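Quick note: the coordinates plus some simple rules give every number you see, no bench work behind them. Predicted model only: the values in this text are computed from it and were never measured. So basically every Cβ, Gly included, is an ideal-geometry build from the backbone, and we count neighbours across all protein chains shown.
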Amino acid sequence: MLTSPLLLSLTLFLSLPLLLFLSPRLLLSPPDADDLALFRRASAPHTTSHLSSTPKIAFLFLTNTNLTFSPLWQTFFSHSHSHLFNIYIHAHPAIIPPGGPFPRARFIPSKPTSRASPSLIAAARRLLAAALLDDPLNLYFALLSQHCIPLHSLPFTHSYLFKNPTFPHRSFIEILSHDPNLHARYDARPPMLPEVPFSSFRVGSQFFILTRRHARLVVRDVRLWNKFRLPCLTEEPCYPEEHYFPTLLSMEDPNGCTGFTLTRVNWTGCWDGHPHTYTAPEISPELIHRLRRSNSSYVYLFARKFAPECLQPLMGIVDDVIFRD
C-alpha cells in the first residue's frame, strides 16, 4: 500500500501537465471591477438621435510618454471646428500633465501599458468606452499614438470619413489573413480553441478608425477578450494588440470593415517589430505627399512613426503643405 507522502508526490507529479496547461489562467489576475463596469455602461444601447446634428470624430490618443507632437495637433484642432471632434487621452498615470496638451482634451482613468501585452488592448477598449459614453455624436473613433501625425486638415479628415461614397459607414481597420508569420504568432499564444480557430486568426495594424457600432461591439465583447487577455507563451512573436481587433471584427462583421488602415507606416528596414522612424532630415513636402498616396482607391489620413526631432520641420510646413488639401 502506498504511504501518504508517496501518494501525495505521485498525485502532484501526475497533475503537472494540467497545472502547466492552466498556468496562464491561474496566474492571470481577474479583470478590474472598474473596467468591467465601464464596459457594461458603454455597451448598453443608447437611443439618442444624431440625425439633426453634426457627427463627430473621437480622437483617441494612446501614449506611454509625453505627447511630443501636441503643438502640431493643437494646430490641427484649433481652426474653429470644435463641433467636429472630441479628444480622449490614455496616458501613463505618472505623466498626465495638468489640463492636457489640447483644448477640450479629456484624460481618461488609465493604467500602465507595455508593448506586446494585453494592456494595450485594454487601454484601447477604455478609450472606446469613454468616448462612447461621453458623446452620442461620436460616430467614428480614431486610435492614434504619440508618434502619429495628421496628413490632412481636420475638415478634410471629417469629410473623408462621413461623406465617403466608396466606404460608407465602414470601419477602417487592417485585416490580414495571409501574413507569413501568422502561424508562429498563433502558436505563441495559449490555446485559442474553440473560440478562435487558426482559420479565423487575423493580424493588422493596431491603429484603426471604427464606426460607433463596431466600437460598441469591441467594448461588449467578453468571449474573445478572455482568450486574448491571457499572457503569451513566448514573448516573440506574440503581439496581442495586433490580433485582437482584426480577429474580432473579421469574425463578427467582415463586410462592415474595409480591411485596411488609414494610418500610413513604413516597414522598410524594420527592426524588432518596429517600423521605420522618420527623422528631421527626411521631413519635406514631398514626404507628406508621398505618405498621403496609396495604391488603391483611398488616401491616408495619418502617418507614423516620427522621432521627436521632426516636430520643428513639420511645424514649418504645416500650413502650406499638411493642411493644404
(message) Please compute the contact order of region 221-295 in relative form: average sequence separation of alpha-carbon pairs under 8 Å and at least six residues apart, divided by the residue count, as a percent.
(response) 16
(request) Take the alpha-carbon centre of region 223-275, take the same for region 126-178, and report the distance between them in whole Å. (result) 17
(message) Give the lysines reachable from Lys163 as a straight Cα distance under 25 Å; neighbours fewer than 8 places away on the same chain don't count.
(response) Lys56
(request) Work out, step by step, the length gained on full extension between Thr279 and His169: first 0.36 nm times the residue separation, then minus their alpha carbon distance; give nm to one decimal. (result) 36.0 nm
(request) Compute log10 of I(q)/I(0) for region 244-318 with the Debye formula, placing one identical point scatterer on every Cα and leaving out solvent, at q = 0.13 Å⁻¹, to two decimals. (result) -0.51
(message) Return the Rg/Rh ratio of region 72-206 with Cα-based radii and a Kirkwood Rh.
(response) 1.00
(request) Express in % the proportion of alpha carbon pairs of region 201-325 at distances exceeding 20 Å. (result) 55
(message) Quick check on the exposure proxy: order Lys111, Lys163 from fewest to most C-beta atoms within 10 angstrom.
(response) Lys163, Lys111
(message) To make sure I understand, if each residue's beta carbon is the centre and we count other beta carbons within 10 Å, what order do Phe85, Phe260 fall in, fewest to most?
(response) Phe260, Phe85
(request) Mind listing the long-range amide H neighbours of Arg189? Cut-off is under 5 Å, sequence gap 5 or more, other chains count too, H placed in the peptide plane at 1.01 Å from N. (result) Leu233
